[in-house]
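These notes are about the structure you will find just below.
The values are calculated or read from the model by the stated rules, or taken from the named source; none is laboratory data. This is a predicted model, so every value here is computed, not measured. Cβ atoms come from the backbone with ideal geometry, glycine included; neighbour counts cover every protein chain shown.
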Amino acid sequence: MSPSFVYHKPEKSLTLAPFGEKRATMGSPFDPALAVTFDLGRGQVELADGEPQVMIPADALAAVLSGESTSRALGQAIGVGAIGRVAARLASEAGGRRAKDGVRGASLESVVELLGGELAVVGLGNLRVERWGKALLFVLDPHTLDARCDELVCGVFDGALASVTDKDVNTLVVDREGSQLRVLCANARAAARARELVLEGAFFTEIVSMLHDASPRSSRRGPS
């Protein structure tokens, strides 16, 4: 089985330039030139030392650090904000229709491109969507966060999709290879079975085959 692809790959990089008046200080004044770089093609935000950064809502971060919330909820806040900005843009282009209607009426390609831009700006990677028959996979490639942030990343897509569809969304990471990450979006029953297969070490291709009522291959990953 081969997937069909919808790519989002903006070929742009933005760098903050100096702004405002420089105040006299002892030694060299702070110069914001080249202090922050937004590499939209790779979906990365870097400071001058080259360390990747992720921009997150301050209130949602405070809730996690205080123990009032979870990493998935933090991701949901990022996703809700991102799709909200996409919806506002589409609604504006459509002459002021309701924001949700703008997203629902847009093509998958348009939504992926705009959502990918929003996720790239905050440093979550370069987004594309793969369709394997009925299965829908969100792919971040490259993606700078490691497996400790899988719940946060799933929350991003939970929040984005749920806020548009007004339905419960089930997402889970089904593949992580190098800097590439795949997130499956499925109904509750399929997601539960997919989670079992992930724990058994199944490849993501086996998982999407299961969603087509196909017999998954017997190959399994060895322990990492």
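Does region 5-13 contain any residue that is within 30 Å of residue 132 (Cα to Cα), outside any loop (DSSP other than H, G, I, E, B), modelled with pLDDT under 80 and in contact with an Asp or Glu (Cβ under 8 Å, 6 or more places away or on another chain)?
yes
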Residues satisfying the stated conditions in region 163-193, i.e. assigned to a helix (DSSP H, G or I) and farther than 15 Å from residue 138 by Cα: 163, 164, 165, 188, 189, 190, 192, 193
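Suppose we filter 183, 156 for residues that are surrounded by 13 or more Cβ atoms within 10 Å (Cβ to Cβ), in contact with a strand residue (DSSP E or B) (Cβ under 7 Å, 6 or more places away or on another chain) and modelled with pLDDT of 95 or more; which single one remains?
Exactly one residue qualifies, and that residue is 183.
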Members of region 28-43 found to be part of a loop (DSSP other than H, G, I, E, B) and among the aliphatic types (A, V, I, L, M), listed by number: 33, 34, 35, 40
Members of region 44-70 found to be within 14 Å of the chain's Cα centre (by Cα) and not in a strand (DSSP E or B), listed by number: 54, 55, 56
Tally of residues being within 18 Å of residue 170 (Cα to Cα) and either assigned to a helix (DSSP H, G or I) or under 10 Å from the mean Cα position of the chain (by Cα) (or both) across region 103-146: 3
Condition check for residue 60: in contact (Cβ under 8 Å) with a residue 12 or more places away in the chain and either within 20 Å of residue 116 (Cα to Cα) or touching a strand residue (DSSP E or B) at 6+ places or on another chain (Cβ under 7 Å) (or both): no
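Residue by residue, here is whether (1) modelled with pLDDT of 90 or more; (2) farther than 27 Å from residue 151 by Cβ; (3) surrounded by fewer than 16 Cβ atoms within 10 Å (Cβ to Cβ) holds:
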site: 23; (1), (2), (3): no, yes, yes
site: 31; (1), (2), (3): no, yes, yes
site: 49; (1), (2), (3): no, yes, yes
site: 64; (1), (2), (3): yes, no, no
site: 81; (1), (2), (3): yes, no, no
site: 94; (1), (2), (3): no, yes, yes
site: 111; (1), (2), (3): no, no, no
Conditions (1) surrounded by fewer than 19 Cβ atoms within 10 Å (Cβ to Cβ); (2) at pLDDT below 90; (3) closer than 21 Å to residue 71 by Cα; number of the one not met by residue 133: (3)
